[in-house]
Amino acid sequence: MSVRVVYTDLDGTMVGPHGCFFRSEDHSVTLDPAHALIDLHRAGIALVLVSGRTRPQLTEAASIFGADGFIAELGAIVGWDHGHSSQILRGAMPETFDRIPDELVTALVAQYPGRLEAHRSWIRGREIDIMLRGNIDVVAADAWLAAEGYGWLTMRDNGIIARATMPDLDDVPHVYHLVPDGVSKGAAVAFDLARRGLRPEQAIAIGDSASDLVMADHVGRMHLVANALHHTDLIDLLPGYDNVIVEDGTLGAGWVSAVRSVLPTPRPAAV
């Protein structure tokens, strides 16, 4: 069954250093991702951006890349029709809450002095989740949330970010999303496929983090760019999946390889 839609993470996957679509991991200029994107559009295969970014950010990015839709805030919002139509997926968030309490975030950060902080530059415009950065044990964080009566929330690791964002941290900083349980990129992909009337085998997903890997349960094939192997927590999860391909290339190079795997093979010229 031919692939009809590609679900792709953005940062660390489709776009390279500083969010640039035309830079390789070594910052050299490349047009390979652009050529692959054009060929994807020509083949009539839908592109859906899947990210921790907000609805406004992804509406703009979808317009730039010609994407058919987006999944925002790590799976909390599914958008289509150029952002005019959307669905919020609340997961286990109780009806008595319309957002995650600020005081809870403050208390959570206080549990990890010097190791966790709110990602202030990315908070504006968020509707469901909260972004943080640092280096913590997410399992321990979930246990603390449950003990505080917020068992419906969970901490998700969305990958490594530049050391310069937290220069005083003695470890590599990660981006974390505090989201309601049941909200995930995988659940959002399943919702979007059902909305489209497509089967899992008619889709692939591409990513670089543990939060991307959960899409593997809902697509025919999951592609990880090579820099995903920098995440030890992701490596530990790989044995649980039998439909995951780790590309040789990092960032855009790995993304190009994954995209080209679903493009029609050109027929040989007639003799």
From the residues in region 144-186 that are touching a Ser or Thr at 6+ places or on another chain (Cβ under 7 Å), of a type outside the set (S, T, N, Q) and over 20 Å from residue 98 (Cβ atoms), which one is surrounded by the fewest Cβ atoms within 10 Å (Cβ to Cβ)? 157
Starting from region 244-269, take each residue that is under 26 Å from residue 217 (Cβ atoms) and hydroxyl-bearing (Ser, Thr, Tyr) and list its partners that are part of a loop (DSSP other than H, G, I, E, B) and modelled with pLDDT under 90, counting only C-beta distances under 7 angstrom and pairs at least six apart or across chains. 250/25
Within region 62-81, track down each residue that is among the hydrophobic types (A, V, I, L, M, F, W, C) and closer than 22 Å to residue 213 by Cα. 62, 67, 70, 71, 72, 74, 76, 77, 78
Positions within region 187-213 being out of contact with any Pro (no Cβ under 9 Å at 6 or more places or on another chain), touching a residue at least 40 places away in the same chain (Cβ under 8 Å) and surrounded by fewer than 23 Cβ atoms within 10 Å (Cβ to Cβ), in sequence order: 187, 191, 195, 196, 198, 199, 201, 202, 210
Does region 45-63 contain any residue that is among the acidic types (Asp, Glu) and touching a residue at least 12 places away in the same chain (Cβ under 8 Å)? no
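The values are calculated or read from the model by the stated rules, or taken from the named source; none is laboratory data. The structure presented is a predicted model; accordingly, all values stated were derived computationally and were not measured. Please note: Cβ atoms are built from the backbone with ideal geometry, for glycine as well, and neighbour counts cover all protein chains shown.
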